[in-house]
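Single-structure report; data block below.
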Amino acid sequence: MAHRSIPKHPAPARPFATRLSAWQRAHGRHGLPWQGTRDPYRIWLAEIMLQQTQVATVVPYYARFLAAFPDVRALAAAPVDRVLELWSGLGYYRRAHHLHAAAGVIVAQCGGRFPRDARTIAALPGVGRSTAAAIAAFAFGERAAILDGNVKRVLARHRGIDGFPGAPKVEARLWESAESLLPARGIETYTQALMDLGATVCARTAPRCGECPVAADCVARIEGRVAALPAPRPAKARPARVVRVLVLERAGTILLEKRPAAGIWAGLWSLPEIDPDADIARHCKARFLASVTAGDELPPIEHGFTHFSLTIQPQRVDVRRWPLRAEAPGLLWLTRDDALAAALPAPIRKLLQSL
Ligand code: SF4
């Protein structure tokens, strides 16, 4: 390929995949709860949970989830609220919605039998090309390349690939590299090795090149560009949004409101939200027919999403009169402890814990 920058460095005697797999056997991660199984359901669940979350965080969630939904039929049959409850705290809730939807697809369209090749698996909701390849490799031994964020970093450094890995042209080169490096056999160990190297040795900051099994021909190391690769996302200011949330309190309980089925924190329980400039008493009168008095403002909470940053301004509100007819589906009065047991967005959980 015209853009390969490796050839000027001597090639080590053993192929990339051989060195990496040998390293994995000696130094990689073993004994994780989703390893040592060929059950695609268990592997799929782990891969989805691990998409944006560290191993140590995933382990207890994985165990609870599997205890509640031991197979794809159990997951498909569960109400989405129960799925969200067990996901609460893991973040990126679209993953839970997709997981539930995909289970429905597998039961309805495949008779409950998990698809057996990467291409079909990739068509399930919430499963991209890389995740599908990982599932197919671990469950069925399919020789398919993965390219998650960690692997992009390893390959960008090792192959000396410039440019932001999220840019389509750069990503295409990374996929080419990933595919060209696949071993003829032993795909499971190799796939795990790539994941382990990215998570433990070729870390984003301070990679441990001295312990790296593929350091000999790593372009970034040889050329002193480890800190510069992969190239960061081109700077673009994230828009900022501000909302006020109301901590409506009545007789030792707090009002929770269910979020709409689409958008951020879809389907989770949260606090009623209003425009920061709106008049609280007037808003509560119009919306709930309630008489309230605004109390203290609580310290703001900053929360980052991929595409924008959110400042949440919590406001205590004392409810003096709450008409019965304001009770409605999607609204719940709960004690703080009961509220903390519900499926809450992480910043709202933090806020309620601080009360
Ligand atoms: S030598 Fe360093 S930068 Fe290169 S792949 Fe190994 S850990 Fe990453």
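Can you give me the number of residues within the stretch 131-160 that are farther than 18 Å from residue 196 by Cβ and touching a Ser or Thr at 6+ places or on another chain (Cβ under 7 Å)?
Of the residues in that region, 2 qualify.
For the stretch 226-256, name all the residues that are near the ligand (Cβ under 9 Å from one of its atoms) and either among the hydroxyl-bearing types (Ser, Thr, Tyr) or in a loop (DSSP other than H, G, I, E, B) (or both).
Passing the criteria: only 229.
Taking the stretch 62-89 only, how many residues are closer than 26 Å to residue 259 by Cβ and more than 13 Å from the chain's Cα centre (by Cα)? Walk me through it before giving the result.
Narrowing the stretch 62-89 to residues closer than 26 Å to residue 259 by Cβ: 62, 64-65, 68-69, 74-89.
With more than 13 Å from the chain's Cα centre (by Cα) added as a condition, the list becomes 62, 64-65, 68-69, 74-86.
Total meeting the criteria: 18.
Check the stretch 103-125 and report whether any residue there is part of a helix (DSSP H, G or I) and charged (D, E, K, R).
For the stretch 103-125, residues part of a helix (DSSP H, G or I) and charged (D, E, K, R): present.
All but one of (1) farther than 23 Å from residue 46 by Cβ; (2) touching a Gly at 6+ places or on another chain (Cβ under 7 Å) hold for residue 154; state the number of the condition that does not hold.
If we test residue 154 against (1) farther than 23 Å from residue 46 by Cβ; (2) touching a Gly at 6+ places or on another chain (Cβ under 7 Å), just (1) comes out false.
Out of 112, 141, 89, I need the residue that is touching a residue at least 12 places away in the same chain (Cβ under 8 Å) and either farther than 27 Å from residue 188 by Cβ or in contact with a Pro (Cβ under 6 Å, 6 or more places away or on another chain) (or both). Which one? Step through it out loud before you land on a result.
Working: 112 fails: either farther than 27 Å from residue 188 by Cβ or in contact with a Pro (Cβ under 6 Å, 6 or more places away or on another chain) (or both); 141 fails: either farther than 27 Å from residue 188 by Cβ or in contact with a Pro (Cβ under 6 Å, 6 or more places away or on another chain) (or both).
Unique residue meeting the criteria: 89.
Would you mind listing the helices (runs of 4 or more DSSP H) fully within the stretch 129-190 where at least 3 residues are within 16 Å of the ligand (Cβ to nearest atom) and buried (at least 21 other Cβ atoms within 10 Å of the Cβ)?
Filter on the stretch 129-190 gives 149-159, 168-180.
Conditions first: (1) under 18 Å from residue 316 (Cβ atoms); (2) touching a Pro at 6+ places or on another chain (Cβ under 9 Å). Residue 279 passes all but one, so which condition is the exception?
(2)
Taking the stated definitions as given, is residue 207 exposed (fewer than 13 other Cβ atoms within 10 Å of the Cβ) and either part of a loop (DSSP other than H, G, I, E, B) or within 16 Å of the ligand (Cβ to nearest atom) (or both)? Even if it seems obvious, please write down each step before you answer.
Values: exposed (fewer than 13 other Cβ atoms within 10 Å of the Cβ): no; either part of a loop (DSSP other than H, G, I, E, B) or within 16 Å of the ligand (Cβ to nearest atom) (or both): yes.
So residue 207 fails the test.
Would it be correct to say that residue 310 is closer than 14 Å to residue 243 by Cβ, over 26 Å from the mean Cα position of the chain (by Cα) and aliphatic (A, V, I, L, M)?
Judged against the criteria, residue 310 is not a match.
Has the stretch 274-281 got any residue that is surrounded by 12 or more Cβ atoms within 10 Å (Cβ to Cβ), at pLDDT below 95, of a type outside the set (A, V, I, L, M) and not in a loop (DSSP other than H, G, I, E, B)?
So far as the stretch 274-281 goes, no, none of its residues is surrounded by 12 or more Cβ atoms within 10 Å (Cβ to Cβ), at pLDDT below 95, of a type outside the set (A, V, I, L, M) and not in a loop (DSSP other than H, G, I, E, B).
Limited to the stretch 300-355, what total is found for residues that are assigned to a helix (DSSP H, G or I), small (Gly, Ala, Ser) and more than 17 Å from residue 268 (Cβ to Cβ)?
2
The values are calculated or read from the model by the stated rules, or taken from the named source; none is laboratory data. Bear in mind that the values here come from a model prediction, so they are computed numbers and not experimental data. No Cβ is skipped: glycine too gets one built from the backbone with ideal geometry, and neighbour counts run over all protein chains shown.
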